[in-house]
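First comes the structure, then the notes that go with it.
A short reminder: the numbers here are calculations on the coordinates, not readings from a lab. Computed from a prediction, not measured in an experiment: that's the story for all the values here. Virtual Cβ from ideal backbone geometry, glycine too; neighbours counted across all protein chains shown.
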Amino acid sequence: RLDMEALFDEHIFVREVSVKAPVARIEQNGDIFNFDDLLEFIDVTYLAEDDVEDDAEDGDWRVTIANVSIAEGDFCYYDKVLEQRWQLTELALIADELKLGDEFTDIAAHAMINDRALLDGDLSLNIDNYDFKFDGTLEEFPLAETMKYVTPYLNVRDLQGLASGDVVLEGNVLDIMSMDIYGDLAVQSLSVTDEDGKNLLKAESLMAKVEQMNINKELYLFETLTAKN
């Protein structure tokens with residue numbers, strides 16, 4: 001839905017953008033993504049400096065994209081090196097206005113992680129550099145999904161438990177495993193076994209106030225940690 005009258009004021013004003021049931025598949029193999037060739041094609045074909053006309057003398061156009069929504073989205077990310085797959089289903093995003101340039105867009109976000117955990121809250125996303133901050137709730141996230149990130153640093157055979165709580169995730173979309181995690185978490189039915197199958201840690205419930213957690217930096221800071229059998 002485009003406001004045609006705004007074009008006379010050098011203003012591209014999109015009243016509403018609604019996308020239903022989009023599907024995205026991203027594969028990463030080291031530093032290579034399955035869409036790198038497409039980005040290179042667009043850059044060479046359409047964005048090369050020799051092909052871009054200088055229209056600065058024509059004045060600055062304003063662009064407003066209001067009432068943006070995505071419903072029933074399906075997003076899948078696959079890390080070929082780790083053979084780890086992350087899938088977001090029932091993806092729903094709603095923003096009053098999509099802010100272009102170096103500004104953060106406020107988005108109401110909802111998704112199911114790997115058909116199990118529920119993520120719900122407020123997302124701030126910078127379209128220019130892909131920095132983000134998510135502040136919301138996580139329900140019943142299986143810790144077993146993190147095994148391939150844990151085993152390079154810990155000699156464990158199995159990790160089980162369901163994590164829920166109020167969390168803040170902050171980082172960059174293009175380097176998701178370097179994000180900082182903090183907030184209040186509760187883990188039910190926690191079980192960690194070593195390579196011989198013996199219990200390293202077992203608790204009916206574990207409560208944690210996370211000051212900062214970062215997997216890539218191998219940083220795990222807890223303000224409080226309480227386990228109950």
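Quick check: from the Cα gyration tensor, does region 151-229 come out rounded (a/c under 1.5), prolate or oblate?
Oblate is the answer for region 151-229, as a/c is 1.5 or above yet b/c matches or exceeds a/b.
In region 1-47, which trypsin sites (Lys or Arg not before Pro) are in a loop and have at most 10 other Cβ atoms within 10 Å, using DSSP for the loop call?
Arg1
Over 31 Å between Cα atoms: which of Lys20/Lys209; Lys20/Lys80; Lys148/Lys198; Lys99/Lys209 fall into that group?
Lys20/Lys209; Lys99/Lys209, as the Cα separations exceed 31 Å there.
Express in nm, to one decimal, how much length is gained between Glu5 and Lys209 on full extension, taking 0.36 nm for each residue of separation and deducting their alpha carbon distance.
Taking 0.36 nm per residue and subtracting the Cα distance, the gain is 68.2 nm.
Using alpha-carbon positions, what is the distance between the centroids of region 78-145 and region 30-46, in Å?
23 Å
Work from the charge dipole of the chain (Cβ charges, +1 for Lys and Arg, -1 for Asp and Glu, about the Cα centre) and give the residue of Val167, Ser124, Ala71 farthest towards its positive end.
Val167
Which entry is the computed Kirkwood radius over Cα pairs in Å for this structure: (1) 20.5; (2) 25.5; (3) 18.8?
(1)
Taking loop as defined by DSSP and a crowding limit of 12 other beta carbons within 10 Å, which chymotrypsin sites (Phe, Trp or Tyr not before Pro) in region 131-225 fit?
Counting only loop positions with at most 12 other Cβ atoms within 10 Å, the chymotrypsin sites (Phe, Trp or Tyr not before Pro) in region 131-225 are Tyr153.
Based on DSSP H runs of at least 4 residues, each adding -39500 (n - 2.57), what is the mean residue ellipticity at 222 nm of the chain after dividing by all its residues, to the nearest 500 deg cm²/dmol?
-1500 deg cm²/dmol
Between the helical axis of 36-46 and the dominant principal axis of the chain, each derived from Cα atoms, what acute angle in degrees is found, rounded to the nearest 10?
Computed tilt is about 10 degrees.
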